[in-house]
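The values are calculated or read from the model by the stated rules, or taken from the named source; none is laboratory data. Remember, predicted model here, so these are calculated numbers, not experimental data. Cβ: placed from backbone, ideal geometry, glycine included. Neighbour counts: every protein chain shown.
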Amino acid sequence: MTDGEIVLLAWNDYVGLMRCRGVPLNQIEARMEFGLGWAVAGQAQTPFAQLAPNPWGPMLEVRQVPVPSTKTRIDIWDDAPPFHFYLCDSKTNDGKNWECCTRGFFKNALELFHQETGLEFLAAFEHEFTLLDDPVAAAPSFTIEAIRNVARYTQDLTKALTQANVGLETVEPEFGVNQYEVTSAPAVGLEAAERAIITREVIRETARRLGYRATFTPKASPDAIGNGAHVHFSFLDSKGNNATYDATQPNNASVVAQHFIAGVTRHMRAICAITSPSPVSYLRLGPNHWSCGYSSFGVQNREAALRICPSPDQNPAKAAKAYNLELRAPDATASPYLVLGALVLAGLQGIKEKLPLPKSVDVDPNDLSEQQRSELGIEPLPSSLAEALDLMEADAIVKAWMPPTMYESYVAVKRTEIELAKDLSDEALCERYARVY
Ligand code: GLU
Ligand code: MG
């Protein structure tokens, strides 16, 4: 059924939500060059239909300009028109990138990284989510029952994600009640964030069509297993080799990867304001949940905020190709553009300063004494969004990554979000975020 098809021009904002405008199918060609106008005050939206204080008046507008390569059109439903959209760049009227565009933030970070290192950045997200309003009773963790209970859903999802061309790799049950996980192959540069954004929207849409709701909220209820959005990443040199890997170095981490790890570890606490950016994020983040609670680095260690994922392959060339790093703090209330931008910039800082590889930790850092942690240079991650914002404010390097207007408006949105959530019980907080994310 293509009757009545609309095409959405969509962008991912500070709070990681897709906002959009739509045109009928026969109008899209005419909109490809300059897109549609949008009042920038909308960038001050919290997740809860309330604007944060912002510097933008009623006049100021940007163009939301569709990026042709992001075209997504999924046509698998008999009872609904295709799900058709483009991701957009936010541009000023003179065609420049708008300084507060989240996509532009990551684009700039990639350019700086490439200028400094000559390398490309390759990444993939793991998407954990919970199916709500699922009529089928919960099944035990990781079981065939858990996935076959929703076989119709996973069938539609697999079809839809295949049409979306996001490099789908796995669709599986997770540990939590009605919790599932989807992963994609890594992609270079901007496409890594685009795949994540598209994948989440398709997961939501497929659920919607069947009368479920898929939520990526970090915690669907206070005692639920958390939903993470871990990021796997590596670097490619100009010959397409994995520049993160060097068999002659400690933990097989190349020199550039060692500096990168050091930069990320050093700025980890401050970047939580970007990677774990909601009040509800801090019900997930913490030790003993495999979501990570300390600014630690380890090999294989799922309690480390940043870990090396070695390959099980005994073939050296294949092992080198598969070798990657994983950042575990992020959740899906964060914009993938901002998460990857912050990750790249934190690592880049380590490269510029040639910071030494931190000591790797092979136990749960929570089991170490405070003195042992301090000897290893491990600190607890923030325990609230307010603390994370204070840490970002105190980290002059992180603070300088965003242009001042972007930084100030981002922080204003996040502070307003804290205000809006401050009187909610944990239950109410989880419920509220589950409805939005
Ligand atoms: N659900 C965990 C989290 O919140 C991650 C579990 C896993 O390692 O897949 O990050
Ligand atoms: Mg998982």
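Details
- Residues of segment 127-159 classified as of a type in the set (A, V, I, L, M) and within 16 Å of ligand 2 (Cβ to nearest atom), total: 3
- No other residue among Gly95, Gly167, Gly104 is closer than 23 Å to Met18 by Cα, small (Gly, Ala, Ser) and out of contact with any helix residue (DSSP H, G or I) (no Cβ under 9 Å at 6 or more places or on another chain) apart from Gly95.
- Qualifying position, being more than 16 Å from ligand 1 (Cβ to nearest atom), out of contact with any Pro (no Cβ under 6 Å at 6 or more places or on another chain), touching a residue at least 12 places away in the same chain (Cβ under 8 Å) and within 30 Å of Gln179 (Cα to Cα), among Phe125, Phe121: Phe121
- Flag if Val436 is at pLDDT 95 or above, under 18 Å from the mean Cα position of the chain (by Cα), β-branched (Val, Ile, Thr) and over 18 Å from Ala273 (Cα atoms): yes
- Screening Gly95 on (1) within 16 Å of ligand 2 (Cβ to nearest atom); (2) without any contact (Cβ under 8 Å) to a residue 24 or more places away in the chain; (3) not hydroxyl-bearing (Ser, Thr, Tyr) shows it passes everything except condition (1).
- Pair list, Cβ under 8 Å, 6 or more apart: segment 208-220 residue buried (at least 24 other Cβ atoms within 10 Å of the Cβ), other residue in a loop (DSSP other than H, G, I, E, B) and β-branched (Val, Ile, Thr): Thr217/Val280; Thr217/Thr333; Pro218/Val280; Pro218/Thr333; Lys219/Val280
- Sole residue being surrounded by fewer than 22 Cβ atoms within 10 Å (Cβ to Cβ), polar (S, T, N, Q) and touching a Lys or Arg at 6+ places or on another chain (Cβ under 8 Å), chosen from Asn149, Asn97: Asn97
- Listed by position, the helices (runs of 4 or more DSSP H) enclosed by segment 235-334 that each have at least 2 residues that are more than 16 Å from ligand 2 (Cβ to nearest atom), under 23 Å from the mean Cα position of the chain (by Cα) and at pLDDT 95 or above are 255-275, 281-284.
- Checking the stated criteria, Lys354 turns out to be touching a residue at least 40 places away in the same chain (Cβ under 8 Å), away from ligand 2 (no atom under 16 Å from the Cβ) and among the basic types (Lys, Arg).
- A single member of Ala30, Ala10, Ala44 is more than 21 Å from Thr70 (Cα to Cα) and of a type in the set (A, V, I, L, M, F, W, C), and it is Ala44.
- Test result for Thr158, within 16 Å of ligand 1 (Cβ to nearest atom) and at pLDDT 95 or above: no
- The residue that is surrounded by the most Cβ atoms within 10 Å (Cβ to Cβ), counting only those in segment 168-202 that are of a type in the set (A, V, I, L, M, F, W, C) and within 16 Å of ligand 1 (Cβ to nearest atom), is Ala196.
- Screening segment 315-373 for residues that are within 16 Å of ligand 1 (Cβ to nearest atom) and β-branched (Val, Ile, Thr) and picking the one that is surrounded by the most Cβ atoms within 10 Å (Cβ to Cβ) gives Val339.
- Scoring Asn227 on the criteria (1) surrounded by fewer than 24 Cβ atoms within 10 Å (Cβ to Cβ); (2) within 16 Å of ligand 2 (Cβ to nearest atom); (3) farther than 16 Å from Leu122 by Cβ leaves a single failure, condition (1).
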